[in-house]
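Every read-out reported here was derived from the displayed coordinates using simple, explicitly stated rules and does not represent laboratory data. Every value quoted in this text rests on a predicted model; they were computed, and no experiment measured them. Because the Cβ atoms are built from the backbone with ideal geometry, glycine has one as well, and the counts that use them run over all protein chains shown.
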Amino acid sequence: MPLNIRNILRRKIDSSESKILELLLEHANICTESVTSLYNAISHLLERDIEEFEIWLREVHKNEEKADELRRKIIEHLAKGVISPLNREDFVRLVERMDMIADSARDSARILEIQYAQRGILEHKSSDIFLKMVEKARLCTETIKCAIKRIINDFEASLKLIHKVEEVEEDMDELYIRGLATLCSEEGPTQHSVLLERLIETIEKICDYSEDVGDILKVIIVRVIK
């Protein structure tokens with residue numbers, strides 16, 4: 001039988017723990033939806049479908065607001081002290097770091113709302129780099145969401161998914177450098193370069209935060225089985 005957090009913690013806590021785990025997974029799902037919405041927005045921008053582009057940008061903001069609201073709800077549950085202080089601290093760090101994924105997607109959406117940024121992407125000779133980066137970001141968040149889900153039932157499976165996130169993050173690092181290099185190789189209005197550089201950074205941070213979540217999950221696993 002695989003090691004899992006629910007069976008081990010059941011000896012120490014009441015059913016409130018299950019509620020917190022459910023809320024954490026729901027929060028991860030919303031954060032993932034935020035990044036998916038960002039991916040859809042950039043896809044439609046490259047297709048020059050501005051109407052759909054704007055619809056998906058609004059979805060990014062909506063999901064970020066939902067994530068914020070749920071994060072506060074989770075913190076309130078944790079503040080009731082249904083689990084040990086050490087585990088509570090880990091879960092607080094987990095939800096806060098996960099929330100930063102949605103925050104980064106929102107920051108990217110804000111940049112994309114600026115017409116100079118839109119124009120810069122459409123005029124960029126390597127505009128597909130932005131889609132490739134956000135695709136990696138989406139893969140990172142989907143994978144870390146699955147890792148959170150599997151930690152409830154199977155530590156080993158969760159650790160494998162965490163390792164996958166680390167591999168994707170390395171791929172993102174390569175795309176990040178390529179993206180910056182392409183900006184330096186092009187001549188264009190300064191405002192375009194500044195905004196696109198900022199966009200590249202905010203998208204890249206999504207994978208960084210996903211990797212951070214994975215590190216926290218590993219701490220939780222080690223602490224539970226210790």
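Which angle from 0 to 90°, rounded to the nearest 10, does the C-alpha axis of helix 128-151 make with the longest principal axis of the chain? Once rounded, one gets 10 degrees. Only lysines eight or more places from K80 in sequence, or on another chain, were considered; those with a Cα closer than 29 Å are K12, K19, K62, K66, K145, K149, K218, K226. Against the chain, whose longest principal axis is taken from its Cα atoms, helix 50-79 shows a tilt of about 20°.
Sorted fewest first by neighbouring Cβ atoms within 10 angstrom, T32, T141, T182, T202 come out as T182, T202, T32, T141. Compared with the dominant Cα axis of the chain, that is its longest principal axis, helix 85-112 is turned about 20°. Counting only DSSP H runs of at least 4 residues, each contributing -39500 (n - 2.57), and dividing by the residue count of the chain, the helix-based mean residue ellipticity at 222 nm comes to -30500 deg cm²/dmol.
Cross-link reach is defined here as a Cα-Cα straight distance under 24 Å, omitting same-chain residues fewer than 8 places apart; for K125 the lysines meeting it are K136, K205.
Largest first and in whole Å, give the semi-axes of segment 118-226's equivalent ellipsoid, each being the square root of 5 times a Cα gyration tensor eigenvalue.
In descending order the semi-axes read 35, 11, 10 Å.
Here the contact order of the chain, divided by its residue count and restricted to Cα pairs under 8 Å and six or more residues apart, works out to 29 percent. I need the fraction of alpha carbon pairs in the chain separated by more than 32 Å, rounded to a whole percent. So the portion of pairs separated by more than 32 Å is 24 percent.
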